[in-house]
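Engineer: My structure is below; once you've seen it, I'll send some questions.
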């Protein structure tokens, strides 16, 4: 399991981008971002692309439609540490 510190999030027409720093573990395409909403519910997204710039990463989460992108935006992940498996 990897730990990722979110610095910024962006959206495109078909994806949600999470920018930040890898705190622990490793990242690879096909891994899943897990964001808990409460004890029994979480939002998951598959990593479709990873871009590295020095020690910062851009993680691209593929989304099936605009509703899914809006859901990711509503999570307001800036400053959070998220789990990636």
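What follows is calculated from the coordinates using simple rules that are stated; it is not laboratory data. Computed from a predicted model, the values in this text were never measured in an experiment. Using ideal geometry, Cβ is built from the backbone for each residue, glycine included, and neighbour counts are taken over all protein chains shown.
Engineer: If you compute P(r) over Cα pairs in 5 Å bins from 0, in percent for the structure shown, which of (i) 3, 13, 23, 26, 19, 9, 5, 2, 1, 0; (ii) 3, 16, 28, 30, 16, 6, 1, 0; (iii) 3, 13, 18, 15, 12, 10, 8, 7, 5, 4, 3, 1, 0 do you land on?
Structural biologist: Computed from these coordinates, P(r) over Cα pairs in 5 Å bins from 0, in percent corresponds to label (ii).
Engineer: If each DSSP helix of 4+ residues adds -39,500 (n - 2.57) and the sum is divided by the residues in the chain, what number results at 222 nm, nearest 500 deg cm²/dmol? Provide the component values of the computation, followed by the final result.
Structural biologist: Details: 1 runs with 9 residues, N = 85.
For the chain, the value works out to -3000 deg cm²/dmol.
Engineer: Place a point 7 Å from the Cα of residue 2 along the Cα-to-Cβ direction; which residues of the stretch 20-38 have their backbone N under 16 Å from it?
Structural biologist: Under 16 Å, as judged by backbone N against the label point of residue 2, lie 20-35 of the stretch 20-38.
Engineer: Running a GNM on the chain with Cα contacts under 10 Å, which residue among 66, 14, 42 ends up with the highest mean-square fluctuation?
Structural biologist: Maximum among the listed residues: 42.
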